[in-house]
Amino acid sequence: MDQRNTELALDWLNYAQASLDSRIQHAGQATEKVLVAVQAISSQLNDKQDLGALISLRSDQASTAEILHLLRDVLDHLDTQNDLAQLISPLFSTLQFEDRTRQKLESILGILSIWAEVRNEDITDKVLSARLMQHVVSLEQQAILAKYFPDYVQAEADDDDDDGIDFF
Amino acid sequence: MNARNPRDQLFYQLISDLAQDVMKDTQSATDQTINLSAQFLDAESQNLVENFQGLYESDEISRLAQNNAENVDCIFEATKTNSFCPDSDSMASEQLSAVQQGVEEVIRKDTAIRAEVNVILGSMQFAELLRQHLAGVCASFGVLMDAKTTNEAKLKEDMLTHMHTYDERKAFYAHVMHQDMPVEDEEITQSLIDQLIG
């Protein structure tokens with residue numbers, strides 16, 4: 001591959017990473033918006049028992065995973081007959097989706113980085129698939145990878161697999 | 001570009017499939033949010049959500065929003081000033097009008113409903129922008145892989161035609177074109193939700 005084409009490919013890679021990174025940043029802003037909405041709704045509930053931690057939480061002081069955990073706990077204790085409380089449930093789903101999307105985008109960024117690293121390297125499919133698997137965060141992604149590396153990646157999770165990967 | 005490089009092609013296919021997977025999630029989550037919220041929102045708020053979704057699904061609006069910065073400004077201006085572009089077709093105008101009216105109604109509602117609707121519309125906007133960014137990445141990767149010309153400037157121009165949002169054009173100009181983004185592109189705004197509801 002000539003030098004100019006390699007440079008263009010690397011330039012494109014930098015653009016792609018910046019483009020996807022802007023969506024990861026957007027997901028972070030969306031999380032903040034959801035938290036503010038949940039707090040606005042929570043503060044109007046008559047029964048604020050167990051809501052203190054949630055209402056006073058600031059998005060810059062907690063990870064999305066921590067916010068999700070706290071919100072799940074709150075949802076478990078809310079009065080299911082209360083209309084206001086019911087408004088929180090769709091927000092929880094939105095937060096889950098945005099967090100999952102953020103993780104998948106980070107995964108794609110990682111795989112793009114590997115492309116840049118290996119495109120001029122002579123490595124085996126076995127080694128390449130192992131490196132790619134390090135960035136896989138979901139069963140759907142694993143199934144996609146299995147399409148391209150059927151000899152080295154299983155299409156489904158192995159029940160006995162104890163590699164420490166926490167898929168969603 | 002070395003179009004025959006099997007490893008490059010593999011990564012192109014892999015990234016396309018992974019992007020498609022994200023988009024499938026996104027569509028599913030948007031549908032789920034709308035369905036779930038329909039159980040709790042009042043009719044006026046739900047109408048706004050559905051009309052807003054229709055706005056993004058409208059071919060006319062999408063074409064205007066994606067292809068021409070002037071028209072995007074015109075759309076946003078229309079939502080603020082209650083006036084529509086003279087050259088807007090009637091269907092697009094009706095959808096904008098419905099959204100605008102819905103926003104005015106929701107703004108009068110209590111804090112809880114307003115917060116809920118704000119998040120739902122924000123989630124829909126997030127999904128739409130994400131779709132455009134992923135489409136831009138995949139399409140420009142395709143241009144790179146298929147490279148039908150050795151003219152680098154032409155290749156870049158071909159890739160640029162697939163960039164429609166402010167952030168992706170900004171990234172493309174910075175990293176591929178190596179020049180400042182044109183002034184007219186700087187005027188593209190993505191904060192439709194913020195302008196509508198605040």
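Brief remarks follow.
- Those residues of segment B:1-18 which are at the interface with chain A (Cβ under 7 Å from one of its Cβ atoms) and either more than 17 Å from residue A:112 (Cβ to Cβ) or of a type in the set (Gly, Ala, Ser) (or both), in sequence order: B:2
- Test: residue in segment A:79-86 that is aliphatic (A, V, I, L, M) and without any contact (Cβ under 8 Å) to a residue 40 or more places away in the chain: no
- The requirement of being crowded, with 18+ Cβ neighbours inside 10 Å, more than 9 Å from chain B (Cβ to nearest Cβ) and modelled with pLDDT of 85 or more is not satisfied by residue A:122.
- When each of B:55, B:96 is tested for being crowded, with 18+ Cβ neighbours inside 10 Å, under 28 Å from residue A:104 (Cα atoms) and at pLDDT below 80, the lone residue that passes is B:55.
- Among the residues of segment A:88-114, those identified as under 17 Å from residue A:34 (Cβ atoms) and either of a type in the set (S, T, N, Q) or in a loop (DSSP other than H, G, I, E, B) (or both) are A:89, A:93, A:94, A:96, A:101, A:103.
- Residue list for segment B:133-166, filter: touching a residue at least 40 places away in the same chain (Cβ under 8 Å) and surrounded by fewer than 15 Cβ atoms within 10 Å (Cβ to Cβ): B:146
- Within segment A:145-156, one or more residues are of a type outside the set (Gly, Ala, Ser), assigned to a helix (DSSP H, G or I) and crowded, with 17+ Cβ neighbours inside 10 Å.
Residue by residue, here is whether (1) over 30 Å from residue A:122 (Cα atoms); (2) touching a helix residue (DSSP H, G or I) at 6+ places or on another chain (Cβ under 6 Å); (3) not hydrophobic (A, V, I, L, M, F, W, C) holds:
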residue: A:7; (1), (2), (3): no, no, yes
residue: A:10; (1), (2), (3): no, no, no
residue: A:36; (1), (2), (3): yes, no, no
residue: A:47; (1), (2), (3): yes, no, yes
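- Single unsatisfied condition, residue B:176 versus (1) at pLDDT below 95; (2) outside any loop (DSSP other than H, G, I, E, B): (1)
- Every pair of residues 6+ apart whose Cβ atoms lie under 9 Å, when the first sits in segment A:139-156 and is under 12 Å from residue A:129 (Cβ atoms) and more than 10 Å from chain B (Cβ to nearest Cβ) while the second is of a type in the set (Gly, Ala, Ser) and not in a helix (DSSP H, G or I): A:142/A:155; A:142/A:157; A:146/A:155
- Of all residues in segment A:125-138, exactly one satisfies the criterion of being within 10 Å of another protein chain (Cβ to nearest Cβ) and charged (D, E, K, R), namely A:125.
- Test: residue in segment A:24-42 that is surrounded by fewer than 16 Cβ atoms within 10 Å (Cβ to Cβ), farther than 20 Å from residue B:114 by Cβ and free of Cβ contacts under 8 Å to residues at least 24 places away in the same chain: yes
- Residue count, segment B:121-146 (criterion: over 28 Å from residue B:50 (Cα atoms) and more than 8 Å from chain A (Cβ to nearest Cβ)): 6
- Of all residues assigned to segment A:94-114, at least one qualifies as being under 23 Å from residue B:14 (Cβ atoms), more than 9 Å from every other protein chain (Cβ to nearest Cβ) and over 17 Å from the mean Cα position of the chain (by Cα).
- Residue under evaluation residue B:31, criteria (1) assigned to a helix (DSSP H, G or I); (2) at pLDDT 75 or above; (3) surrounded by 17 or more Cβ atoms within 10 Å (Cβ to Cβ), criterion not met: (3)
- Tally, over segment A:1-26, of residues that are within 7 Å of chain B (Cβ to nearest Cβ) and modelled with pLDDT of 80 or more: 13
The values are calculated or read from the model by the stated rules, or taken from the named source; none is laboratory data. The model shown is predicted, which means the values in this text are computed figures rather than measured ones. Quick reminder, even Gly has a Cβ in these numbers, built from the backbone with ideal geometry, and neighbours come from all protein chains shown.
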